[in-house]
């Protein structure tokens, strides 16, 4: 006889189905769970004892299993609380991450191709940095063992914040942050007067030329300033040299009736013969218009000769009273200003090539140099007495005798050169009649920077020429001793 049992949790009743010949249920076989049956077959009892070990053995086995389970849990808990024999700082700092890793490992396994958890990734990075040392280029300056070759400016930038994080947009007056760099022509020093030192309009290149009949080109980096090229012109002392507006040519003037220009694209020196109809003794001084249309040569008897910057052909001659002391163009090339020994400033319209206005420079006896700012808000006039007057061009157009915004009296000898920087915040003025006669002016306040030139700068002798780089990072002064002194203006960046 076979018996099949089924457990019903709701009433805890054990149903015994006894298969009979009719296949029907035996009502007497229904009994409560755990109750004994007196009429139970001895054979069935033997089978139960053989399989389950009887009632007493079953309870005993259950108690043994429960005790073993408690022992396993206790051992597991004690194993997690074990302390190491020794500890170091790495173990303490990484203990939190290790516990988090254990918890993350007990979670459901990630699918194939999933990204590791954030805690596990951080742990891997920490272990990587412990095993692999950090390279020198990735360390801060304080982590380097040797900092002797580092630039002091770079060290200051990395070790302190100051004005580097939130730099002031406008230049402050009083003291200018400037330092002297390696001479611009260190790779090829000369022993002659440097009449021209000028920066390229687009590239990090500068030209140096003078009475030694040589044009030198240097790459400007502030440290080495390597020489690019030197071109010798026989019997041609260079009195003035300028880059063309597009930077593809270098035009040079001398004591001859003709002039030369160097084509940088093809590397060829080209000579322009004397222009017929122009009765000039020399073509020493000239100015290039910023729009790239004109070359304006300063002639004798108040003549200003306009040549095409592209074809080098003569276009027109403009005449003013007296002699021509200086010429400058507005940034768009639409207006030209000329200044002469009669003390008058002439304003020319370059479209019609007519003089549209003329005004008297206040207190001037003889005009020497003139410059207009890039934003066309300031006009500076330097006289023979050394006085430099600053005007507003819009006011000058309306008055015959305008009052200057400021009269600068810092030079006591003739002001021979004036130039504004690219932001119209600095005006550089110098005189070739005295040593160290160069000043930098803070234009918005019309005050002179008190700390330039430095008294300890022994190289600065008689300044002959000046120029600012494209973004005013560098400032150069050419001297009578053949040096192109180079200075770094820290307020500006990006050359």
Which members of segment 206-229 meet the condition of being surrounded by fewer than 18 Cβ atoms within 10 Å (Cβ to Cβ) and under 31 Å from the mean Cα position of the chain (by Cα)? 219, 221, 223, 224, 226, 227, 228, 229
When you check residue 260 against the structure, is it crowded, with 19+ Cβ neighbours inside 10 Å and over 37 Å from the mean Cα position of the chain (by Cα), yes or no? yes
Which numbered condition residue 179 fails, given (1) within 25 Å of residue 269 (Cβ to Cβ); (2) in a strand (DSSP E or B); (3) in contact (Cβ under 8 Å) with a residue 40 or more places away in the chain: (1)
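Looking only at segment 302-316, which residues are in a loop (DSSP other than H, G, I, E, B) and touching a strand residue (DSSP E or B) at 6+ places or on another chain (Cβ under 8 Å)?
In the first step, residues of segment 302-316 are kept if they are in a loop (DSSP other than H, G, I, E, B); the result is 302, 309-313.
Across segment 302-316, the qualifying residues are 302, 309, 312, 313.
Mind listing whichever residues of segment 373-403 are assigned to a loop (DSSP other than H, G, I, E, B) and closer than 14 Å to residue 344 by Cα?
Narrowing segment 373-403 to residues assigned to a loop (DSSP other than H, G, I, E, B): 373-378, 384-387, 392, 397-403.
If the condition is that a residue be assigned to a loop (DSSP other than H, G, I, E, B) and closer than 14 Å to residue 344 by Cα, then 384, 397, 399, 400, 401, 402, 403 are the ones that fit.
If you check 461, 488, which single one turns out to be farther than 20 Å from residue 416 by Cα and surrounded by fewer than 23 Cβ atoms within 10 Å (Cβ to Cβ)?
Values: 461 fails: farther than 20 Å from residue 416 by Cα.
Matching residue, one of 461, 488: 488.
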Does segment 352-373 contain at least one residue that is outside the structural domain of residue 297 (by TED's automatic domain parsing), under 38 Å from the mean Cα position of the chain (by Cα) and surrounded by fewer than 21 Cβ atoms within 10 Å (Cβ to Cβ)? no
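Against the definition (buried (at least 20 other Cβ atoms within 10 Å of the Cβ) and within 20 Å of residue 370 (Cβ to Cβ)), how does residue 286 come out, yes or no? Explain how you work it out, then say what you get.
Working: buried (at least 20 other Cβ atoms within 10 Å of the Cβ): yes; within 20 Å of residue 370 (Cβ to Cβ): yes.
Considered against the rule, which asks whether it is buried (at least 20 other Cβ atoms within 10 Å of the Cβ) and within 20 Å of residue 370 (Cβ to Cβ), residue 286 comes out as yes.
Sort through 248, 279, 313, 234 and tell me the only one that's free of Cβ contacts under 8 Å to residues at least 40 places away in the same chain and within 22 Å of residue 339 (Cα to Cα). Talk me through it step by step, then tell me what you get.
Working: 248 fails: within 22 Å of residue 339 (Cα to Cα); 313 fails: within 22 Å of residue 339 (Cα to Cα); 234 fails: within 22 Å of residue 339 (Cα to Cα).
Result of the check over 248, 279, 313, 234: 279.
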What number of residues in segment 190-233 are in a loop (DSSP other than H, G, I, E, B) and either under 19 Å from residue 265 (Cβ atoms) or touching a strand residue (DSSP E or B) at 6+ places or on another chain (Cβ under 9 Å) (or both)? 16
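For segment 234-249, which residues satisfy the criterion of being farther than 24 Å from residue 291 by Cβ and touching a strand residue (DSSP E or B) at 6+ places or on another chain (Cβ under 6 Å)? Can you show your working first?
As a first pass, look at segment 234-249 and keep what is farther than 24 Å from residue 291 by Cβ: 234-239.
Those that are farther than 24 Å from residue 291 by Cβ and touching a strand residue (DSSP E or B) at 6+ places or on another chain (Cβ under 6 Å): 238, 239.
The values are calculated or read from the model by the stated rules, or taken from the named source; none is laboratory data. Here the structure is a predicted model, which means the values were calculated and not measured. When we count neighbours, we look across all protein chains shown, and the Cβ atoms used for this are built from the backbone with ideal geometry, even at glycine.
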